[in-house]
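Structure record follows, encoded as structure tokens.
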Amino acid sequence: MTAASTDPDSLAGNLTAMQRFLTLTTVVLASSLYGTALLTTSTILPQMQGAMSATQDEIAWAMTFNILATAIVTPMTGWLVARFGEKRVMVWSIGLFTVATMACGMSQSLDTLVLWRIIQGGAGAPVVPLSQTILLNTFPRRQHQMVLGLFGMAVAVAPVFGPILGGYLAEAYSWRWAFYMLVPVGAAALVGMQLTLRADTLGGRVKFDWTGFIALSVALAALQLVLARGVRLDWFESTEIVIECVIAALAFYVFLFHCLTTTSPFLNLKLLTDRNYAIGLVLVTIYGMLNFTPMVLLPPLLQQHVGFSDALVGQVIGCRGIGMTIGFLTAGFMSRLDPRIGMAFGFSLQTLAGLWMLTFDLNVTMDILVLNSAVQGFAVGTVWVPMTIVAFNTLAAKDRAEASSVFHLLRNIGSSFFISLSIAEIVRTTGANYSRMTEMVTPYNQALAMPGLTGGWNFDTVPGLAKFANEIARQAAMIGYLNAFMMYTATSALAVVFVLMVRRKRA
């Protein structure tokens, strides 16, 4: 095979316009599946919690371990493509993702659901990075800007409809149908890729650093278990938590030592010597912390304590996607400005949205929730483009592929860990405040004898006391959510400080 025949532009020139269009449609369909599944799952968390008889921190595992699996598998994408080929990896990823999605809907226990969510996250991890590569190789260079714009717009818009439709299906039938509705889409994407993607041309075997990969995976999984189960097991009072911490520390030590001493490490730590890239990794970790956490916290709050239906919760989550789409469009217009301006604007807007959430109570209205969710999505969309530019514009071209894998790895790790920390804070604060407030419910509390204060509460009957206890539980939970929103707000403000440390690239 000649050099000309292996050039992407030459290969793209061999395709008809219809073949390119079908490839674009298929790739967009496949890429939209993962984001749609993630947003839709966050909408039905409360109903799954009731069906599985799980606590709030336990049902959150369905989100956190899914994101963690995505984080671990994403850096393997380059090796998988080199070893098996683009088409084969895409077909198997979407096929396994579709099977896992079907199995999630059929799960009868929390353990089974979390297992299939892990498989779903790992299977879907290579899809989005590979999709952009396939499109760049399918279309000639002169059309790359147009194609990537269409791709980004479609991937951002498609997940908007998932939570809305999933919420209606969950309310009309059950939460299982929010997963079942994605199966036909996955099947269509699978058939489309099998028919439209070009056959792979494989080279020789590619070396993969299994030692670094396994050590990092064990460290992240152990730390995630600590964060997910720490509150329930009373942290370091539990032997399990201590063992998991030791395993995480040892595995991370092995990972660092191996990466610093081997010639071909899983992740090249020398890239951290680039100041902008190092700050970019901190910012993308914070970005991940802020991106998915509200989508996990709001559905249980709105359904269990405020009284919203699944359909209304889906609309709130869907409006976040609308704001994100507008944010990406705005980022395109702001691309001529200094990237630090766009990042500072986006993170400052997230800080304001967090301060706004601190004013929420159990009487919050739908219009306020929708507007706040749209503002959060807009801020997320505005930040992504300038943050990516800052992280990569000072790196050598040969290092960008590996640097990108670390970039997306930390984004997903930040999401997974911060969700677990937020849930832990909600559980801890709810229990502490419930105990504190119930101490005041005694016959000797003169305030409870005032008619204007007690209102319709009745303390003389068991149903009356139960109703009052439920109200105390609601108020205690609201305090816990406000504490989590405070963590969100403080983290957003911290990101603005790191933005100021970015060094502008000189021409």
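What to note about this one:
- Extent along principal axes [Cα atoms of the range 293-385; Å; largest to smallest]: 45, 23, 20
- Residue 348 paired with residue 336, simple spin-label distance in nm, labels 7 Å along Cα-to-beta-carbon: 2.1
- Order of 320, 88, 503 - criterion: other Cβ atoms within 10 Å of each residue's Cβ, fewest first: 503, 88, 320
- The count of lysine pairs in the chain whose Cα atoms are under 27 Å apart, excluding pairs fewer than 8 places apart on the same chain, comes to 7.
- Euclidean distance of C-alpha centroids, the range 215-256 and the range 399-436, integer Å: 14
- Cα centroid of the range 88-135 to Cα centroid of the range 264-314, whole Å: 20
- Protection proxy ranking of 330-337, 427-434, 55-62, by the mean of other Cβ atoms within 10 Å over each peptide's residues and highest first, is 55-62, 427-434, 330-337.
- Placing dummy labels 7 Å off each Cα toward the beta-carbon, the span from residue 282 to residue 18 is 5.5 nm.
- Per residue, the average separation of C-alpha pairs within less than 8 Å and at least 6 apart gives the range 9-198 a relative contact order of 42 percent.
- The chain - charge dipole about Cα centre, Lys and Arg +1 at Cβ, Asp and Glu -1, debye rounded to 20: 1740
- Local charge for residue 226 was computed over the other residues whose Cβ lies under 10 Å away, with Lys and Arg +1 and Asp and Glu -1, and equals -1.
- Rh (Kirkwood; distinct C-alpha pairs) - the chain, Å: 24.3
- Exposure proxy ranking, count of Cβ atoms within 10 Å, fewest first, for 210, 175, 92: 210, 92, 175
- Here's the picture: charge each Lys and Arg Cβ at +1 and each Asp and Glu Cβ at -1 in the range 9-198, and of 93, 39, 197 the one pushed furthest to the positive end of that dipole is 197.
- Dividing the Cα radius of gyration of the range 359-453 by 2.2 N^0.38 Å, with N the residue count, gives 1.88.
- Compared with the dominant principal axis of the Cα atoms in the chain, helix 339-357 is inclined by about 20°.
- Fully extending the segment from residue 269 to residue 365, taken as 0.36 nm per residue of separation minus the present Cα-Cα distance, adds 29.8 nm.
- In terms of surrounding Cβ atoms within a 10 Å radius of their Cβ, 398, 270, 87 rank from fewest to most as 398, 270, 87.
- Inter-probe distance in nm under a simple model that places probes 7 Å from Cα toward Cβ, at residue 109 and residue 482: 4.0
- Packing rank of 27-38, 298-309, where each peptide gets the mean count of other beta carbons within 10 Å, highest leading: 27-38, 298-309
- Relative contact order %, the chain, counting alpha carbon pairs below 8 Å whose residues are six or more apart: 21
- Modelled FRET efficiency - R0 60 Å, residue 501 with residue 183, Cβ distances, 0.05 increments: 0.85
No lab work stands behind these numbers, since they all come straight from the coordinates. All figures in this text were calculated on a predicted structure; none of them were measured in a lab. Every residue, glycine among them, receives a Cβ derived from its backbone with ideal geometry; neighbour counts consider all protein chains shown.
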